[in-house]
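Take a look at the structure set out below.
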Amino acid sequence: MAELVIPSLPVETRCPPFPLRQYNGFWIPEPILPGVTAARARFEPRPSDVFLASVPKSGTTWLKALALATLNRAKHPPCDPDHPLRHRNPHDCVEFLEAPVAWSKDGGGGVFAALPSPRVIATHLPCSLLPGGITEEEGSGGRIVYICRDPKDTLVSTWLYIKKMVAFAGARANDDDGKLLVPRPTSFTIEEAFELFCDGRCVCGPQWRHVGGYWEESKRRPEKVLFLRYEEMLEDPMGNVRKLAEFMGCAFSAEEEEAGVVRHIVELCSLDVLKDMEVNKSGTQGYVKNESFFRKGVAGDWSNHMTPAMAARLDKIVKDELHGSGFRFAVAVSRCPPAEKNHSTT
Ligand code: PAP
C-alpha cells in the first residue's frame, strides 16, 4: 500500500475540534488517519468477528451496548449487578478499529489480536475504507451490523456534541495532543454546522455516502451485513434485538424468551438506565465526558434546532445523492417533544 502523506490531503479546519482530511472521498479526522492505515495494513479479521459500523451520532453507543449484552449474555446475564455495562461506558467495552491508540500498544495486531472470539469491534469508517479482509467476497471476514439515522437528527446531535467537546477539550488545548486541535472557535452555530454537513464536511462524511456504501454492501451480502435504522429501533427495540441476536448467530431460545431476557437486555441498554450509571455520569473518553454520549435519544429533535427550510434543503440533497439506490431513511413515527423554552440546546 502506498504510504499515506497526510499533509498532501485536502484539509477542512472549520469543523471543530479536529482538522478533517479528505481521504478516498470521505472527511476523516486527521488524528485517526494513522489508525486507519494501521488497521488497513495489519488487521486480521476472524469469521466470528462482529463489526458495529455507523456515522458518528447515529446510535453507536446504544448498538455497542446491545451487541455486547446480547453476545455475552451467558457469561454476563443482563440482570447481573456486576454486568460490565454497569461499571464501564460502552465505548470502554467495545474499541474502535481505527483508534490509533489501539494500534500503538504493540507492533502486530493492535489490542484486537489479544481479544477472545467472538470479538465485537466498532468503526466509523466508510465501507470502502474497511480492511480488505472484512469486505472481500472470499475474505474470512466476520459480520457487519450497520446503524443509520435521519441525517437531520445526526447533524443536530453532532452539533450539540461538538459544542460540549470543544468546551471540554479547550481546557486541554496545551496538552501534547493540543497541536491536533483546530483553533477553539468562539461559537459554532447550527447554521455553520449545517453548511458543512450539507457539503459532506463532517466526521466520516458525507453522511449519505457512508450510509449508501453500507446499504449497497447489505444488498450485495445480506448474510454478512445487517442494516438497522435508529428510528426503527426506538419503535421496536425488542424486535430489533432479536434480529441482531439471530444475525450474530446467537438467537434467543424459547426459555430465554420465557424468562424475559430480551426485555432485560433492552432495559439494561436503555438511554435512561445507562445515563444514570455512575460511570456514565462521571467518567471521560479523552476529549469528552461520558455523559455527552447520552442526551435525548429521540427521533425528530432536529425540528427544535433547524428551520423547515434547512430541513427541506438537506432532505433534497440526500434524496438526490441516494437516488436510484432504493434506500430511504426511516420517518420518525412519534413526534419529538418540543425543546424547553429559550431554544434549549441540550
Ligand atoms: P458516537 O458515534 O459518538 O458514539 P452515538 O452513540 O452514535 O455517538 O450517538 C449519540 C446519540 O445516541 C445521542 O442522540 P441525541 O443527541 O439525539 O440525543 C444519544 O442520546 C443517543 N443514545 C445514546 N445512548 C442511547 C441509548 N441507550 N438509547 C437510545 N439512544 C441513545
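Values in this text are rule-based calculations from the coordinates and carry no lab data. All values derive from a computational prediction rather than experimental measurement. All Cβ positions, glycine included, derive from the backbone under ideal geometry; neighbour counts span all protein chains shown.
Just a few scattered comments:
- Highest-first arrangement of 92-101, 248-257, 234-243, where packing means the average Cβ count within 10 Å: 92-101, 234-243, 248-257
- For the chain, a simple Cβ point-charge model (Lys and Arg +1, Asp and Glu -1, everything else neutral) yields a dipole of about 540 debye relative to the Cα centre.
- Mean separation of Cα contacts under 8 Å (6+ apart) over length of the chain, as relative contact order %: 23 percent
- Residues 58, 48, sorted so that the one with the fewest Cβ neighbours within 10 Å comes first: 48, 58
- Only helices enter the 222 nm calculation for the chain: every DSSP H run of n ≥ 4 contributes -39,500 (n - 2.57), and dividing by all residues gives -11000 deg cm²/dmol, rounded to 500.
- Cα gyration tensor shape of the chain, rounded if a/c is under 1.5, else prolate or oblate by comparing a/b with b/c: rounded
- Among 325, 218, a tally of other beta-carbon atoms within 10 Å of each Cβ gives an order, fewest to most, of 325, 218.
- Region 243-259 and region 54-87: distance between their alpha carbon centers, rounded to Å: 15 Å
- Only aspartates and glutamates eight or more places from residue 224 in sequence, or on another chain, were considered; those with a Cα closer than 13 Å are 49, 136, 137, 138, 216, 246.
- Checked against a 23 Å cut-off, the cross-linked pairs 64/243; 64/281; 57/281; 75/243; 75/105; 57/296 give Cα-Cα distances beyond that limit for 75/105.
- For the chain, the residue among 189, 99, 159 whose Cα projects farthest onto the positive side of the dipole built from Cβ charges is 189.
- Across region 44-55, coupling constants 3J(HN,Hα) worked out from phi with the 6.51/-1.76/1.60 Karplus curve, θ = phi - 60°, read 10, x, 10, x, 8, 4, 10, 9, 9, 10, 5, 6 Hz, and Gly and Pro carry x.
- In the chain, a dipole from Cβ-located charges (positive for Lys and Arg, negative for Asp and Glu) runs towards its positive end, and of 35, 51, 205 it is 205 whose Cα lies farthest in that direction.
- Dipole of region 6-341, positive end: most advanced residue of 264, 250, 317 [Cβ charges, Cα centre]: 317
- Residues 73, 220, 42, ranked from the fewest to the most other C-beta atoms within 10 Å, line up as 220, 42, 73.
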